[in-house]
Amino acid sequence: MMKPTLLRSLVLPLTLAVAGLFTAARAQDVVVGEFASLTGSEATFGINSNNGLQLALEEINAGGGLLNGRKVKVIVEDDQSKAGQAAAAVKKLIASDQVIAIIGEIASSRSLEAAPICQSASIPMISPGSTNPTVTDKGDYIFRVCFIDPFQGTVMAKFALDNLKAKKVAVLTDVKSDYSRGLAQFFEDYFKAHGGEIVKELAYNGGDKDFRAQLTTIKGANPDAIFVPGYYTEVGSIGKQARLLGIKVPLLGGDGWDSPKLLEIAGNSLEGCYFSTHFSPDDQSPKVQDFVKKYKAKFNAAPDGMAPLGYDAMMILADAIKTAGTTDGAKVRDALAQVKNYAAVTGNITIDDKRNATKSAVVLQVQGKAIKYTSTVAP
Ligand code: PHE
């Protein structure tokens, strides 16, 4: 029998050695940060983009990781859909977690808040879904994998003119949201330049619950359609209240409507209404159908537009790290700037000189309890 002291003297160094090995292995992980609205009024944006990202992460690690077998680890921070929290989240990810790149956000206002912080720390940031054009103006480390609102606004203005034959449109904007204000402007510019008339422009604040005053004014102006470039929580209530006030014309919107919660909130009030977004699970291309299958198997739900954007953002980052051959911020940035014709789930991605992706949009329609694909609009 070994004496207890001798045993101890053997066990301790061994434990330390094993612990040391683990720390060394962990230090090798490629650590990426993500900030997302996992809770709060835009929770489905954060949850579903994170779901997509996790799916990509699993595939990357199952395929051997990056840079000669290093695993990728993603640290997720919840910004609670709140102003101020996005900045706090990225500061924490950069300073304490020492992430080498950041993925986020969906909502443009929160990406705008975080972008200058990532830029000044030389940490590449990729937004999966922020479409306001000014997001990537924050600097050469700021990228996105989606189209931008000068395009999206045009898509819906053209749709109102050509498909709905609308001549008079009212616009109801969330003035707290950079996304909403921008998209309203781009819609109006195109609509007016092509013979349409904006009969009313009204405002609300994200978080509002009562839209009856604005809707009553809009009803008085007798528009052919109402453009509501907001997020699903408010849009759902706006739809309901519009119908209760006897407004019968279609409501139109952008990708901010894209949520499995939209119809839960709106009931049947948005029947027949249209919005533009990045993706439809009805798309029969093998790339999309393969993603839909994998997503359903893992999350037991059909993906909305955010899910494949989160997936694409993670995949493109992994690809750029591979191309760069390092996690060095400046080199990963250079690799991201050179992404060309990348076959993503949401379409082919080429990063342009403003670090945006030029891609098609889809127009979807509410039909009963489902949201159905109607058409694709190329840039
Ligand atoms: N484009 C929206 C914004 O910039 C966010 C969004 C993206 C919403 C994708 C839904 C789907 O704020």
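Scanning the range 218-241 for residues that are open to solvent by 50 Å² or more (accessible area, probe 1.4 Å) and under 29 Å from residue 40 (Cβ atoms) gives a single hit, 240. Scanning the range 149-179 for residues that are touching a helix residue (DSSP H, G or I) at 6+ places or on another chain (Cβ under 7 Å) and either part of a loop (DSSP other than H, G, I, E, B) or under 15 Å from residue 109 (Cβ atoms) (or both) returns 149, 166, 173, 174, 175, 177, 178, 179. Cβ-Cβ contacts under 9 Å between residues 6 or more apart (or on different chains), taken from a first residue in the range 63-86 that is over 30 Å from residue 42 (Cβ atoms) and free of Cβ contacts under 8 Å to residues at least 40 places away in the same chain to a second residue that is open to solvent by 50 Å² or more (accessible area, probe 1.4 Å) and part of a strand (DSSP E or B), are absent. Would you call residue 100 open to solvent by 20 Å² or more (accessible area, probe 1.4 Å), in contact (Cβ under 8 Å) with a residue 60 or more places away in the chain, in contact with a strand residue (DSSP E or B) (Cβ under 7 Å, 6 or more places away or on another chain) and among the aliphatic types (A, V, I, L, M)? Answer is yes for this residue. When the range 264-294 is filtered for residues that are of a type outside the set (Asp, Glu) and open to solvent by 30 Å² or more (accessible area, probe 1.4 Å), the ones remaining, listed by number, are 265, 267, 268, 274, 281, 284, 285, 286, 287, 289, 293, 294.
Residues of the range 338-358 that are in a loop (DSSP other than H, G, I, E, B) and open to solvent by less than 50 Å² (accessible area, probe 1.4 Å): 339, 345, 346, 355, 356.
Yes/no per residue for (1) closer than 22 Å to residue 32 by Cα; (2) within 16 Å of the ligand (Cβ to nearest atom); (3) aromatic (Phe, Trp, Tyr):
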site	(1), (2), (3)
292	no, no, no
297	no, no, no
300	no, no, no
312	yes, yes, no
318	yes, no, no
325	yes, no, no
330	yes, no, no
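Checking the condition in contact with an Asp or Glu (Cβ under 7 Å, 6 or more places away or on another chain) and away from the ligand (no atom under 14 Å from the Cβ), which residue from 85, 119 passes? The unique qualifying residue is 85. Residues of the range 137-154 that are surrounded by 24 or more Cβ atoms within 10 Å (Cβ to Cβ) and away from the ligand (no atom under 11 Å from the Cβ): 141, 142, 143, 153.
Looking at residue 335 and the list (1) assigned to a strand (DSSP E or B); (2) open to solvent by less than 30 Å² (accessible area, probe 1.4 Å), which single condition is not satisfied? The single condition residue 335 does not satisfy is (1). For beta carbons closer than 6 Å, sequence separation of 6+ or different chains, a first residue in the range 303-324 that is assigned to a helix (DSSP H, G or I) and open to solvent by 10 Å² or more (accessible area, probe 1.4 Å) and a second that is more than 12 Å from the ligand (Cβ to nearest atom) and of a type in the set (Asp, Glu), there are no qualifying pairs.
The values are calculated or read from the model by the stated rules, or taken from the named source; none is laboratory data. Keep in mind that what you see is a predicted model, and the values were worked out from it rather than measured. Backbone-built Cβ (ideal geometry, glycine too); neighbour counts: all protein chains shown. Heavy atoms of the whole protein, side chains included, go into the accessibility calculation; ligands, DNA and RNA do not. Shrake-Rupley method; radii C 1.70, N 1.55, O 1.52, S 1.80 Å.
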